[in-house]
1. What does the net charge come to around TRP54 if you take all other residues with beta carbon closer than 15 Å to its beta carbon, with K and R at +1 and D and E at -1?
2. Quick one: 3J(HN,Hα) in Hz for segment 51-68, Karplus 6.51/-1.76/1.60 with θ = phi - 60°, rounded, Gly and Pro as x.
3. Which of the lysines could be linked to LYS8 by a straight reach, that is with a Cα gap under 22 Å, when you skip same-chain ones fewer than 8 residues away?
4. Give the distance, in whole Å, between the Cα centre of segment 49-69 and the Cα centre of segment 1-30.
5. Using a simple charge model, +1 on the beta-carbon of Lys and Arg, -1 on the beta-carbon of Asp and Glu, nothing else, what dipole does the chain show about its Cα centre, in debye to the nearest 20?
6. Mind listing the long-range amide H neighbours of VAL7? Cut-off is under 5 Å, sequence gap 5 or more, other chains count too, H placed in the peptide plane at 1.01 Å from N.
7. With point charges of +1 on the Cβ of Lys and Arg and -1 on the Cβ of Asp and Glu, referenced to the Cα centre of the chain, which listed residue (TYR5, SER66, TRP19) lies farthest in the positive direction of the dipole?
8. Sum up the charges of everything whose Cβ sits under 13 Å from the Cβ of TRP79, counting Lys and Arg as +1 and Asp and Glu as -1, but leave TRP79 out.
Amino acid sequence: PVVYYLVKWCSLPYEDSTWELKEDVDEAKIEEFERLQARKPKLGHVERPPAKAWKKLALFREYKNSNRLREYQLEGVNWLLFNWYN
């Protein structure tokens, strides 16, 4: 059987990816791809905290390099956390 690999080229967008014959693709890249495909995801069950434990995040928290979330970002994070707790 003929084997093709979909190749995403460096510095080009995904829409410019091309199907290449196995013989035309670097063997090291094929081995790396197969190694990554063989990995098993580390899935574990995480218990949700009780809904009463949810607290709205404050705008005043600073992150790396003195960055802060913008108001719309903070609203999105609070919405995600609220849904996780509930």
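1. Charge balance near TRP54 sits at +2.
2. For segment 51-68, the Karplus-derived couplings read 4, 5, 7, 5, 10, 5, 6, 8, 6, 7, 5, 9, 10, 3, 6, 6, 7, 10 Hz, x marking Gly and Pro.
3. LYS22, LYS29
4. Cα centroid of segment 49-69 versus Cα centroid of segment 1-30: 43 Å apart.
5. Result for the chain is approximately 1100 debye, rounded to the nearest 20.
6. For VAL7, the qualifying residues are THR18, TRP19, GLU20.
7. Value: SER66.
8. -1
Bear in mind these aren't lab numbers, they're just calculated from the coordinates by the rules spelled out. Computed from a predicted model, the values in this text were never measured in an experiment. Cβ: placed from backbone, ideal geometry, glycine included. Neighbour counts: every protein chain shown.
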